[in-house]
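The values are calculated or read from the model by the stated rules, or taken from the named source; none is laboratory data. The structure presented is a predicted model; accordingly, all values stated were derived computationally and were not measured. Cβ sites come from the backbone with ideal geometry, for glycine too, and all protein chains shown count toward neighbours. The area values use the complete protein model at the heavy-atom level, side chains included, leaving out ligands, DNA and RNA. Shrake-Rupley method; radii C 1.70, N 1.55, O 1.52, S 1.80 Å.
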Amino acid sequence: MTDTVLDLFKLTGRRAIVTGGSGGIGLAIAKALGEAGALVALVSRTRTRLEAAATEVPNSVAVPADVMTIDPGQLVDECEAALGGPIDIVVHAAGFQHREPSVDFPVEQWDRLIRVHLTAPFLISQELGRRQLAAGRPASHIFIGSLNNWQSVVPNIPAYAAAKSGIGGAMRALSKEWSDRGIRCNGVAPGWVRTELTESLFADPEKSAQIRSRIPMGRLAEPREMASVALFLASDASSYVTGQMLVVDGGWTTS
């Protein structure tokens, strides 16, 4: 029997890693993958938050880890053991923000931001890619980008802007090398989403109003609106999509 279009979005029998899975966009994506039938390993530094998140995500397990310091092979081993088999999907959603003028920006914060937003996603995908290529196993790698992939959106976030610009290039490089072997690499570039990373910015009424006035849809996004796009990229519904950073910004980049 031919699958229906909706069947293409099902992830039954697949295993996924979601870094940054204890909150914000990462948690929303993990919920979507779990609801679509995937077994999901939630990865985050804070055990209590992670275990609380696991109660919200169907078919999930908590794997406490800091992606900035853990060996990628160890992380993948722990996730595969927890899920009972090899990984089919990875979503790189771990992240944090530090805001400070470029002339004063501390090098230690630069290093931490580059590590979590750029280096760790590459190293984890590199480790997974080695295993998936060796096994001849198709897969989907999903990177969380930003409007900063294309433009400088706000001041005082030079390291974040650099890392997010870089993650698009890394994603495209992996797609170029792996897509003919069935490993698709794509990304989601969120616009303005109300999460912990943007909470301090939107606490300023003037800045918040300025941002909203630039968004053609006139509102902020909900994390679930990023999750539905990530589900598309994780599933067979996007079987001919690779090397793409899908912008989900309410029209910001067109205004």
Handout entry: the stretch 1-149: radius of gyration over Cα atoms, expressed as a fraction of 2.2 N^0.38 Å
Key = 1.09
Fill in the blank from the handout: Projected onto the charge dipole of the stretch 153-255 (unit charges on the beta-carbon of Lys, Arg, Asp and Glu, signs +1, +1, -1, -1), the Cα from GLY250, VAL193, ILE183 with the largest positive-side position is that of ILE183
Problem - Label point distance in nm, THR4-THR69, each placed 7 Å from Cα along Cα→Cβ - result: 4.9 nm
Handout entry: Order by protection proxy (mean Cβ within 10 Å, highest first), peptides 37-49, 243-255
Key = 37-49, 243-255
Exercise for the section: Treat every Asp and Glu Cβ in the chain as -1 and every Lys and Arg Cβ as +1, leave all other atoms uncharged, and give the resulting dipole magnitude about the Cα centre to the nearest 20 debye. Expected result: 340 debye
Exercise for the section: Mind telling me which of VAL91, VAL116, VAL154 comes out most flexible in a GNM of the chain, alpha-carbon contacts under 10 Å? Expected result: VAL154
Practice task
Working from Cα positions, state the angle (0 to 90°, nearest 10) between the long axis of helix 205-214 and the longest principal axis of the chain.
Solution key: 60 degrees
Fill in the blank from the handout: Among LEU174, ALA203, ALA134, the residue whose Cα sits farthest towards the positive end of the charge dipole of the chain (+1 at Cβ of Lys and Arg, -1 at Cβ of Asp and Glu, taken about the Cα centre) is LEU174
Practice task
Would you compute, from DSSP H runs of 4+ residues alone, the mean residue ellipticity of the chain at 222 nm, taking -39500 (n - 2.57) per run and dividing by the full residue count, rounded to the nearest 500?
Solution key: -12500 deg cm²/dmol
Practice task
Any lysines with Cα under 27 Å of the LYS10 Cα? List them, leaving off those in the same chain fewer than 8 positions away.
Solution key: LYS31, LYS176
Problem - Prolate/oblate/rounded call for the stretch 83-209, Cα gyration tensor, a/c under 1.5 rounded - result: prolate
Handout entry: Degrees between helix 158-178 axis and first principal axis of the chain (Cα, 0 to 90, nearest 10)
Key = 30 degrees
Fill in the blank from the handout: Treating only Lys and Arg (+1) and Asp and Glu (-1) as charged, each at its beta carbon, one finds that the stretch 66-151 has a dipole about its Cα centre, in Debye to the nearest 20, of 300 debye
Handout entry: Residue-level accessible surface for LYS207, protein heavy atoms, 1.4 Å, Å²
Key = 100 Å²
Completion exercise
Whole-Å distance linking the alpha carbon centroid of the stretch 151-193 with that of the stretch 238-255 is 11 Å
Completion exercise
Residue by residue through the stretch 95-102, the couplings from Karplus 6.51 cos²θ - 1.76 cosθ + 1.60 with θ = phi - 60°, in Hz, x for Gly and Pro, are x, 8, 10, 9, 10, 6, x, 4
Fill in the blank from the handout: Residue span THR48 to THR12: 0.36 nm per residue of separation minus Cα-Cα distance leaves a gain in nm of 10.2 nm
Completion exercise
Expected max-MSF residue from ILE142, ILE211, ILE114 in the GNM of the chain (alpha carbon, under 10 Å) is ILE211
Practice task
Can you bin the chain into rounded, prolate or oblate? Criterion: square roots of the alpha carbon gyration tensor eigenvalues sorted a ≥ b ≥ c, rounded for a/c under 1.5, prolate for a/b above b/c, oblate for the rest.
Solution key: prolate
Handout entry: Rounded to 10°, Cα long-axis angle of helix 24-35 versus longest principal axis of the chain
Key = 20 degrees
